[in-house]
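One structure is given below, encoded as C-alpha coordinates.
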Amino acid sequence: MQKIVDFEKCSGCHACFNVCPQDCISMKPDEEGFLYPEIDNEKCIDCGMCQKVCPALTEYKGNPRGRAYAGINKDDETRENSSSGGVFSLIAEHILSQGGIVFGAAFDEDLSVCHIEINCTDDLHKLRGSKYLQSRIGNTYKKVKMHLDLGKTVLFSGTPCQISGLITFLGKDYENLVLQDIICHGVPSPFVWSEYLKFRGNQTGGKAEKASFRDKSYGWKRYFVKLDFAGGRKYMKPFDKDLFMRAFLNNLCLRPSCYVCHSKSVERQSDITLADFWGVENICPELFDNKGTSLVLVNSSKGQTLFDEVKERMDYRKVDFDKAIKNNSSICISAKLPPKRDEFMLALKNKPFDKAVKACVPQRKLRRAMSFAKRILKKVTGK
Ligand SMILES: Cc1cc2nc3c(=O)[nH]c(=O)nc-3n(C[C@H](O)[C@H](O)[C@H](O)COP(=O)(O)OP(=O)(O)OC[C@H]3O[C@@H](n4cnc5c(N)ncnc54)[C@H](O)[C@@H]3O)c2cc1C
(Lines give C-alpha, C1' and ligand atoms only; values in the text may rest on other atoms or scores of the structure.)
Protein backbone atom coordinates (compact mmCIF):
# COMPACT_ATOMS: atom_id res chain seq x y z
CA MET A 1 0.00 0.00 0.00
CA GLN A 2 1.39 3.42 -0.98
CA LYS A 3 1.64 6.06 1.72
CA ILE A 4 1.02 9.78 1.24
CA VAL A 5 2.42 10.99 4.56
CA ASP A 6 3.48 9.46 7.89
CA PHE A 7 0.50 8.23 9.89
CA GLU A 8 1.06 10.54 12.88
CA LYS A 9 1.31 13.63 10.65
CA CYS A 10 -1.90 13.00 8.68
CA SER A 11 -4.62 15.32 10.01
CA GLY A 12 -7.34 13.66 7.92
CA CYS A 13 -7.97 16.95 6.13
CA HIS A 14 -9.21 15.17 2.95
CA ALA A 15 -7.19 17.38 0.51
CA CYS A 16 -5.73 14.22 -1.15
CA PHE A 17 -9.17 12.60 -1.35
CA ASN A 18 -10.61 15.70 -3.05
CA VAL A 19 -7.76 16.24 -5.51
CA CYS A 20 -7.20 12.72 -6.84
CA PRO A 21 -7.99 12.80 -10.58
CA GLN A 22 -8.54 9.03 -10.63
CA ASP A 23 -10.83 8.96 -7.57
CA CYS A 24 -8.62 6.20 -6.25
CA ILE A 25 -8.33 7.49 -2.67
CA SER A 26 -10.91 6.52 -0.08
CA MET A 27 -10.97 7.73 3.53
CA LYS A 28 -11.09 4.69 5.82
CA PRO A 29 -11.44 4.68 9.63
CA ASP A 30 -8.63 3.14 11.65
CA GLU A 31 -9.40 1.23 14.84
CA GLU A 32 -9.71 4.53 16.75
CA GLY A 33 -12.30 5.81 14.28
CA PHE A 34 -10.08 8.47 12.63
CA LEU A 35 -10.19 8.63 8.84
CA TYR A 36 -7.00 8.03 6.81
CA PRO A 37 -6.50 7.95 3.05
CA GLU A 38 -6.23 4.57 1.40
CA ILE A 39 -4.96 4.37 -2.19
CA ASP A 40 -6.29 1.86 -4.69
CA ASN A 41 -3.00 0.87 -6.34
CA GLU A 42 -4.78 -0.62 -9.34
CA LYS A 43 -6.25 2.76 -10.25
CA CYS A 44 -3.37 5.02 -9.12
CA ILE A 45 -1.43 6.63 -12.00
CA ASP A 46 1.33 8.01 -9.74
CA CYS A 47 0.57 11.63 -10.63
CA GLY A 48 1.75 12.80 -7.19
CA MET A 49 -1.15 15.24 -6.73
CA CYS A 50 -2.03 13.74 -3.34
CA GLN A 51 1.41 14.54 -1.96
CA LYS A 52 1.47 17.94 -3.64
CA VAL A 53 -1.67 19.06 -1.75
CA CYS A 54 -0.86 17.41 1.59
CA PRO A 55 -0.52 20.28 4.12
CA ALA A 56 1.79 18.15 6.27
CA LEU A 57 4.25 18.04 3.34
CA THR A 58 3.87 21.75 2.58
CA GLU A 59 5.53 24.66 4.32
CA TYR A 60 3.05 26.45 6.63
CA LYS A 61 2.54 30.06 5.54
CA GLY A 62 0.25 32.25 7.62
CA ASN A 63 -0.80 35.89 7.58
CA PRO A 64 1.21 38.28 9.74
CA ARG A 65 -0.26 38.45 13.26
CA GLY A 66 -3.47 40.47 13.14
CA ARG A 67 -5.78 42.39 15.48
CA ALA A 68 -7.66 40.98 18.46
CA TYR A 69 -11.18 41.87 19.60
CA ALA A 70 -13.57 40.75 22.30
CA GLY A 71 -17.02 40.41 20.77
CA ILE A 72 -20.59 39.62 21.73
CA ASN A 73 -23.47 39.10 19.30
CA LYS A 74 -26.19 41.59 20.34
CA ASP A 75 -28.87 38.97 19.59
CA ASP A 76 -29.29 37.14 22.93
CA GLU A 77 -30.98 34.04 21.53
CA THR A 78 -28.25 33.43 18.94
CA ARG A 79 -25.54 33.92 21.56
CA GLU A 80 -27.30 31.51 23.92
CA ASN A 81 -27.21 28.83 21.23
CA SER A 82 -23.59 29.48 20.28
CA SER A 83 -20.53 28.21 22.11
CA SER A 84 -18.91 31.53 22.87
CA GLY A 85 -20.12 35.00 21.82
CA GLY A 86 -22.03 33.95 18.70
CA VAL A 87 -19.76 35.83 16.28
CA PHE A 88 -19.71 32.93 13.80
CA SER A 89 -23.47 33.41 13.22
CA LEU A 90 -22.99 37.13 12.49
CA ILE A 91 -20.36 36.41 9.86
CA ALA A 92 -22.38 33.57 8.33
CA GLU A 93 -25.59 35.66 8.22
CA HIS A 94 -23.72 38.43 6.43
CA ILE A 95 -22.37 36.04 3.75
CA LEU A 96 -25.79 34.41 3.32
CA SER A 97 -27.51 37.80 3.01
CA GLN A 98 -25.29 38.48 -0.02
CA GLY A 99 -26.36 35.25 -1.71
CA GLY A 100 -23.24 33.39 -0.55
CA ILE A 101 -22.72 29.82 0.63
CA VAL A 102 -21.52 28.78 4.11
CA PHE A 103 -19.67 25.54 4.85
CA GLY A 104 -19.35 24.28 8.41
CA ALA A 105 -19.71 21.32 10.77
CA ALA A 106 -23.14 19.83 11.52
CA PHE A 107 -24.50 16.77 13.32
CA ASP A 108 -26.03 14.15 11.11
CA GLU A 109 -28.83 11.74 12.09
CA ASP A 110 -26.64 9.43 14.19
CA LEU A 111 -25.00 12.43 15.91
CA SER A 112 -21.73 12.00 14.06
CA VAL A 113 -20.32 15.21 12.57
CA CYS A 114 -19.69 16.14 8.95
CA HIS A 115 -19.19 19.30 6.91
CA ILE A 116 -22.23 20.56 5.03
CA GLU A 117 -23.08 23.61 2.95
CA ILE A 118 -26.00 25.93 3.58
CA ASN A 119 -27.42 28.78 1.53
CA CYS A 120 -30.11 30.21 3.83
CA THR A 121 -30.29 31.45 7.42
CA ASP A 122 -33.03 28.91 8.24
CA ASP A 123 -30.31 26.24 8.16
CA LEU A 124 -27.74 28.19 10.16
CA HIS A 125 -28.75 26.47 13.42
CA LYS A 126 -27.20 23.25 12.01
CA LEU A 127 -23.71 24.80 12.03
CA ARG A 128 -24.07 26.75 15.25
CA GLY A 129 -22.23 25.42 18.32
CA SER A 130 -18.98 23.49 18.78
CA LYS A 131 -19.07 19.76 18.13
CA TYR A 132 -16.07 18.26 19.87
CA LEU A 133 -15.11 15.55 17.41
CA GLN A 134 -13.45 15.40 14.05
CA SER A 135 -15.83 16.46 11.31
CA ARG A 136 -15.86 14.43 8.07
CA ILE A 137 -14.96 16.74 5.18
CA GLY A 138 -16.07 14.35 2.41
CA ASN A 139 -16.02 16.11 -0.95
CA THR A 140 -16.73 19.60 0.41
CA TYR A 141 -13.46 21.08 -0.94
CA LYS A 142 -14.60 20.19 -4.47
CA LYS A 143 -17.95 21.82 -3.75
CA VAL A 144 -16.23 24.95 -2.41
CA LYS A 145 -14.20 25.18 -5.64
CA MET A 146 -17.28 24.71 -7.78
CA HIS A 147 -19.10 27.61 -6.06
CA LEU A 148 -15.99 29.81 -6.20
CA ASP A 149 -15.51 29.18 -9.90
CA LEU A 150 -19.17 30.14 -10.44
CA GLY A 151 -18.40 33.46 -8.75
CA LYS A 152 -20.32 32.81 -5.51
CA THR A 153 -19.03 34.15 -2.22
CA VAL A 154 -18.09 31.25 0.06
CA LEU A 155 -17.45 31.19 3.81
CA PHE A 156 -15.60 28.05 4.89
CA SER A 157 -15.46 27.44 8.62
CA GLY A 158 -13.39 24.70 10.18
CA THR A 159 -10.39 23.64 12.23
CA PRO A 160 -6.99 25.11 11.27
CA CYS A 161 -5.94 21.81 9.61
CA GLN A 162 -9.11 21.82 7.50
CA ILE A 163 -8.33 25.41 6.43
CA SER A 164 -4.78 24.29 5.51
CA GLY A 165 -6.22 21.38 3.51
CA LEU A 166 -8.61 23.62 1.59
CA ILE A 167 -5.85 26.14 0.80
CA THR A 168 -3.49 23.50 -0.58
CA PHE A 169 -6.35 21.82 -2.48
CA LEU A 170 -7.38 25.10 -4.16
CA GLY A 171 -3.77 26.03 -4.94
CA LYS A 172 -4.59 29.69 -5.58
CA ASP A 173 -6.23 32.67 -3.88
CA TYR A 174 -9.88 33.46 -4.49
CA GLU A 175 -11.16 36.96 -3.75
CA ASN A 176 -14.66 35.50 -3.13
CA LEU A 177 -13.49 33.01 -0.45
CA VAL A 178 -13.58 33.82 3.27
CA LEU A 179 -11.73 31.44 5.58
CA GLN A 180 -12.73 31.29 9.24
CA ASP A 181 -11.05 28.93 11.66
CA ILE A 182 -11.17 28.31 15.39
CA ILE A 183 -8.47 28.05 18.00
CA CYS A 184 -8.47 24.28 18.28
CA HIS A 185 -7.58 22.19 21.33
CA GLY A 186 -7.57 19.07 19.11
CA VAL A 187 -10.20 16.78 17.65
CA PRO A 188 -11.51 13.76 19.56
CA SER A 189 -12.16 10.40 17.96
CA PRO A 190 -15.61 9.75 16.46
CA PHE A 191 -15.31 6.16 17.78
CA VAL A 192 -14.92 7.42 21.37
CA TRP A 193 -17.98 9.63 20.91
CA SER A 194 -20.06 6.74 19.60
CA GLU A 195 -18.94 4.54 22.52
CA TYR A 196 -19.93 7.36 24.87
CA LEU A 197 -23.37 7.67 23.25
CA LYS A 198 -23.87 3.89 23.58
CA PHE A 199 -22.90 4.07 27.26
CA ARG A 200 -25.32 6.95 27.96
CA GLY A 201 -28.00 5.23 25.89
CA ASN A 202 -27.69 2.05 27.98
CA GLN A 203 -27.91 4.07 31.18
CA THR A 204 -30.89 6.10 30.05
CA GLY A 205 -32.62 3.34 28.10
CA GLY A 206 -32.84 4.99 24.71
CA LYS A 207 -31.05 6.63 21.81
CA ALA A 208 -29.74 10.18 22.08
CA GLU A 209 -31.42 12.30 19.40
CA LYS A 210 -29.82 15.67 20.10
CA ALA A 211 -26.52 16.71 21.64
CA SER A 212 -24.99 19.94 22.87
CA PHE A 213 -21.40 20.07 24.05
CA ARG A 214 -21.82 23.65 25.23
CA ASP A 215 -25.14 24.16 26.99
CA LYS A 216 -24.98 27.57 28.71
CA SER A 217 -28.14 27.31 30.87
CA TYR A 218 -25.94 27.59 33.97
CA GLY A 219 -23.40 29.96 32.46
CA TRP A 220 -20.66 29.99 29.83
CA LYS A 221 -17.69 29.32 32.09
CA ARG A 222 -19.07 26.12 33.58
CA TYR A 223 -20.91 24.87 30.53
CA PHE A 224 -22.86 21.61 30.49
CA VAL A 225 -22.99 18.64 28.14
CA LYS A 226 -26.62 17.96 27.28
CA LEU A 227 -28.21 14.98 25.55
CA ASP A 228 -31.89 14.69 24.61
CA PHE A 229 -33.25 11.17 24.36
CA ALA A 230 -36.35 9.79 22.67
CA GLY A 231 -39.35 10.13 24.97
CA GLY A 232 -38.23 13.43 26.46
CA ARG A 233 -35.54 12.14 28.83
CA LYS A 234 -32.46 14.31 29.25
CA TYR A 235 -28.88 13.99 30.44
CA MET A 236 -27.03 17.09 31.70
CA LYS A 237 -23.64 17.33 33.44
CA PRO A 238 -21.11 20.15 33.86
CA PHE A 239 -18.16 19.66 31.50
CA ASP A 240 -15.73 18.88 34.30
CA LYS A 241 -17.94 16.02 35.54
CA ASP A 242 -18.89 14.64 32.13
CA LEU A 243 -16.96 11.51 31.11
CA PHE A 244 -16.54 12.39 27.42
CA MET A 245 -15.33 15.92 28.18
CA ARG A 246 -12.93 14.62 30.82
CA ALA A 247 -11.40 12.27 28.24
CA PHE A 248 -11.28 15.10 25.66
CA LEU A 249 -9.82 17.79 27.91
CA ASN A 250 -7.25 15.36 29.34
CA ASN A 251 -6.14 14.71 25.72
CA LEU A 252 -6.92 10.98 25.92
CA CYS A 253 -8.81 10.67 22.67
CA LEU A 254 -7.33 13.20 20.23
CA ARG A 255 -6.16 12.37 16.72
CA PRO A 256 -2.44 11.43 16.78
CA SER A 257 -1.62 14.45 14.52
CA CYS A 258 -3.13 16.81 17.14
CA TYR A 259 -0.14 16.14 19.43
CA VAL A 260 2.21 17.42 16.70
CA CYS A 261 -0.19 19.83 14.96
CA HIS A 262 1.17 21.42 11.78
CA SER A 263 -1.26 24.37 11.90
CA LYS A 264 -0.43 25.90 15.30
CA SER A 265 0.61 29.52 14.98
CA VAL A 266 -0.36 33.08 15.83
CA GLU A 267 0.16 33.69 12.11
CA ARG A 268 -3.13 32.29 10.92
CA GLN A 269 -3.96 31.04 7.46
CA SER A 270 -7.57 32.13 7.84
CA ASP A 271 -9.09 35.61 7.46
CA ILE A 272 -10.79 35.42 10.86
CA THR A 273 -10.14 33.17 13.85
CA LEU A 274 -12.79 32.60 16.52
CA ALA A 275 -12.36 31.25 20.02
CA ASP A 276 -13.68 31.45 23.55
CA PHE A 277 -12.32 34.56 25.20
CA TRP A 278 -11.17 32.82 28.36
CA GLY A 279 -10.01 35.41 30.89
CA VAL A 280 -12.07 38.24 29.34
CA GLU A 281 -13.30 39.22 32.81
CA ASN A 282 -9.75 40.42 33.63
CA ILE A 283 -9.00 42.13 30.32
CA CYS A 284 -12.31 43.60 29.31
CA PRO A 285 -14.77 43.14 32.21
CA GLU A 286 -17.49 45.21 30.51
CA LEU A 287 -17.84 42.40 27.96
CA PHE A 288 -18.13 39.63 30.54
CA ASP A 289 -21.59 38.52 31.66
CA ASN A 290 -20.96 34.74 31.76
CA LYS A 291 -23.21 34.24 28.73
CA GLY A 292 -20.29 33.87 26.30
CA THR A 293 -17.70 36.18 24.80
CA SER A 294 -15.86 35.46 21.56
CA LEU A 295 -12.22 36.16 20.94
CA VAL A 296 -12.05 37.42 17.34
CA LEU A 297 -8.67 37.52 15.62
CA VAL A 298 -8.76 39.48 12.40
CA ASN A 299 -5.92 38.14 10.29
CA SER A 300 -6.22 39.78 6.86
CA SER A 301 -7.61 42.85 5.15
CA LYS A 302 -10.49 40.68 3.88
CA GLY A 303 -11.17 39.64 7.46
CA GLN A 304 -11.06 43.30 8.58
CA THR A 305 -13.58 44.34 5.90
CA LEU A 306 -15.92 41.56 7.02
CA PHE A 307 -15.48 42.44 10.69
CA ASP A 308 -16.25 46.10 9.92
CA GLU A 309 -19.39 45.05 8.04
CA VAL A 310 -20.80 43.06 10.97
CA LYS A 311 -19.49 45.02 13.97
CA GLU A 312 -22.64 47.14 14.32
CA ARG A 313 -24.45 43.99 15.39
CA MET A 314 -21.84 43.30 18.08
CA ASP A 315 -20.70 44.75 21.37
CA TYR A 316 -16.95 44.72 20.90
CA ARG A 317 -13.61 46.13 22.05
CA LYS A 318 -10.18 46.01 20.47
CA VAL A 319 -7.80 44.28 22.89
CA ASP A 320 -4.09 43.66 23.22
CA PHE A 321 -3.22 40.56 21.14
CA ASP A 322 -0.82 38.99 23.63
CA LYS A 323 -3.16 39.50 26.58
CA ALA A 324 -6.07 38.11 24.54
CA ILE A 325 -4.36 34.80 23.77
CA LYS A 326 -2.75 34.40 27.18
CA ASN A 327 -5.38 31.92 28.38
CA ASN A 328 -5.61 30.10 25.05
CA SER A 329 -2.26 28.38 24.55
CA SER A 330 -3.92 26.03 22.02
CA ILE A 331 -3.37 28.78 19.43
CA CYS A 332 0.27 27.82 19.09
CA ILE A 333 0.95 24.80 21.32
CA SER A 334 -0.14 21.27 20.46
CA ALA A 335 -1.99 19.18 23.04
CA LYS A 336 0.35 17.22 25.31
CA LEU A 337 0.32 13.47 24.72
CA PRO A 338 -0.67 11.83 28.02
CA PRO A 339 1.09 8.57 28.95
CA LYS A 340 -2.22 6.72 29.20
CA ARG A 341 -3.69 7.69 25.80
CA ASP A 342 -3.17 4.32 24.12
CA GLU A 343 -4.26 2.49 27.27
CA PHE A 344 -7.51 4.49 27.22
CA MET A 345 -8.21 3.73 23.57
CA LEU A 346 -7.62 0.01 24.23
CA ALA A 347 -9.63 0.04 27.46
CA LEU A 348 -12.67 1.30 25.57
CA LYS A 349 -12.73 -1.96 23.60
CA ASN A 350 -13.19 -4.11 26.69
CA LYS A 351 -14.34 -1.88 29.55
CA PRO A 352 -17.46 0.24 30.09
CA PHE A 353 -16.88 3.91 29.25
CA ASP A 354 -16.88 5.10 32.86
CA LYS A 355 -14.33 2.47 33.95
CA ALA A 356 -12.03 3.33 31.02
CA VAL A 357 -12.12 7.05 31.87
CA LYS A 358 -11.61 6.47 35.58
CA ALA A 359 -8.66 4.17 34.90
CA CYS A 360 -6.88 6.72 32.69
CA VAL A 361 -7.89 10.26 33.72
CA PRO A 362 -5.68 11.52 36.54
CA GLN A 363 -7.90 11.68 39.63
CA ARG A 364 -8.44 15.18 40.90
CA LYS A 365 -7.62 14.34 44.55
CA LEU A 366 -4.44 12.58 43.48
CA ARG A 367 -3.48 15.52 41.23
CA ARG A 368 -4.06 17.98 44.07
CA ALA A 369 -2.05 15.84 46.50
CA MET A 370 0.80 15.62 43.98
CA SER A 371 0.96 19.36 43.34
CA PHE A 372 0.76 20.00 47.13
CA ALA A 373 3.66 17.58 47.63
CA LYS A 374 5.62 19.31 44.84
CA ARG A 375 5.06 22.73 46.46
CA ILE A 376 6.25 21.45 49.83
CA LEU A 377 9.29 19.85 48.23
CA LYS A 378 10.11 23.12 46.47
CA LYS A 379 9.89 25.03 49.76
CA VAL A 380 12.10 22.52 51.59
CA THR A 381 14.73 22.06 48.87
CA GLY A 382 14.43 25.52 47.29
CA LYS A 383 14.34 23.81 43.83
C1 LIG B 1 -12.81 20.59 18.11
C2 LIG B 1 -12.84 22.01 18.62
C3 LIG B 1 -11.86 22.45 19.50
C4 LIG B 1 -11.88 23.78 19.99
N5 LIG B 1 -10.88 24.17 20.84
C6 LIG B 1 -10.90 25.44 21.32
C7 LIG B 1 -9.87 25.91 22.21
O8 LIG B 1 -8.94 25.18 22.57
N9 LIG B 1 -9.95 27.20 22.66
C10 LIG B 1 -10.97 28.02 22.27
O11 LIG B 1 -11.01 29.17 22.72
N12 LIG B 1 -11.93 27.64 21.42
C13 LIG B 1 -11.93 26.36 20.93
N14 LIG B 1 -12.89 25.96 20.04
C15 LIG B 1 -13.78 26.98 19.45
C16 LIG B 1 -14.96 27.39 20.30
O17 LIG B 1 -15.51 26.26 20.95
C18 LIG B 1 -16.07 28.06 19.44
O19 LIG B 1 -16.40 27.20 18.36
C20 LIG B 1 -15.66 29.35 18.85
O21 LIG B 1 -15.36 30.22 19.90
C22 LIG B 1 -16.77 29.96 17.97
O23 LIG B 1 -17.87 30.24 18.75
P24 LIG B 1 -19.09 31.14 18.28
O25 LIG B 1 -19.92 31.38 19.49
O26 LIG B 1 -18.63 32.33 17.51
O27 LIG B 1 -19.86 30.28 17.21
P28 LIG B 1 -20.45 28.82 17.27
O29 LIG B 1 -21.76 28.87 16.62
O30 LIG B 1 -20.37 28.20 18.59
O31 LIG B 1 -19.40 28.07 16.33
C32 LIG B 1 -19.77 27.26 15.32
C33 LIG B 1 -18.64 27.17 14.34
O34 LIG B 1 -17.72 26.15 14.74
C35 LIG B 1 -17.57 25.23 13.67
N36 LIG B 1 -17.41 23.89 14.22
C37 LIG B 1 -18.16 23.31 15.16
N38 LIG B 1 -17.73 22.07 15.38
C39 LIG B 1 -16.72 21.84 14.53
C40 LIG B 1 -15.89 20.72 14.25
N41 LIG B 1 -16.02 19.57 14.89
N42 LIG B 1 -14.94 20.85 13.30
C43 LIG B 1 -14.80 22.01 12.61
N44 LIG B 1 -15.55 23.11 12.83
C45 LIG B 1 -16.49 23.02 13.79
C46 LIG B 1 -18.87 25.31 12.88
O47 LIG B 1 -18.65 24.97 11.56
C48 LIG B 1 -19.20 26.77 13.02
O49 LIG B 1 -18.48 27.47 12.08
C50 LIG B 1 -12.91 24.65 19.57
C51 LIG B 1 -13.92 24.19 18.71
C52 LIG B 1 -13.89 22.89 18.23
C53 LIG B 1 -14.98 22.42 17.27
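Miscellaneous remarks
- Beta bridges by DSSP in the chain, antiparallel share as percent, to the nearest 5: 75 percent
- Accessible-area value, His125, 1.4 Å probe, nucleic acids and ligands omitted, Å²: 110 Å²
- Cα-based shape type of segment 33-181, given that a ≥ b ≥ c are square roots of the gyration tensor eigenvalues and the cut on a/c is 1.5: prolate
- Of Asp123, Asp23, the order by accessible heavy-atom surface (1.4 Å probe, DNA, RNA and ligands excluded), from most exposed downward, is Asp23, Asp123.
- Exposure of Ile333 as accessible area (Å², to 10), given a probe of 1.4 Å and all protein chains: 100 Å²
- From helices alone, the chain scores -9000 deg cm²/dmol at 222 nm; the rule is -39500 (n - 2.57) for each run of n ≥ 4 DSSP H residues, then divide by the residue total.
- Dipole magnitude for segment 59-383: computed about the Cα centre from +1 point charges on Lys and Arg Cβ and -1 point charges on Asp and Glu Cβ, it is near 2200 debye.
- Shape index of segment 118-252: Rg/Rh, with Rg the Cα radius of gyration and Rh the Kirkwood radius from the inverse mean 1/r over Cα pairs, equals 1.03.
- Dipole magnitude (debye, nearest 20) for segment 1-109, charges at Cβ of Lys, Arg, Asp, Glu: 740 debye
- Ligands, DNA and RNA excluded, the heavy atoms of Met314 present near 10 Å² of accessible surface to a 1.4 Å solvent probe.
- Gyration tensor (alpha-carbon) shape descriptor, segment 1-119, a/c threshold 1.5: prolate
- Under DSSP loop assignment and at most 10 Cβ neighbours within 10 Å, longest GluC sites (Glu not before Pro)-free interval of the chain: 176-383
- Largest to smallest accessible area among Phe107, Phe277, Phe7 [probe 1.4 Å]: Phe7, Phe107, Phe277
- Once divided by 2.2 N^0.38 Å, the Cα radius of gyration of segment 59-383 becomes 1.02.
- Apportionment of accessible area to carbon and sulfur, the chain, percent (1.4 Å): 51 percent
- Within segment 7-57, the ratio Rg/Rh, alpha carbon atoms throughout and Rh by Kirkwood, equals 0.95.
- Spin-label model distance (nm) - Leu150 vs Tyr174, 7 Å beyond Cα toward Cβ: 1.1 nm
The values are calculated or read from the model by the stated rules, or taken from the named source; none is laboratory data. Please read these numbers as outputs of a predicted model, since none were measured by experiment. Backbone-built Cβ (ideal geometry, glycine too); neighbour counts: all protein chains shown. These area figures cover heavy atoms from the full protein model, side chains too; ligands, DNA and RNA do not enter into them. Shrake-Rupley method; radii C 1.70, N 1.55, O 1.52, S 1.80 Å.
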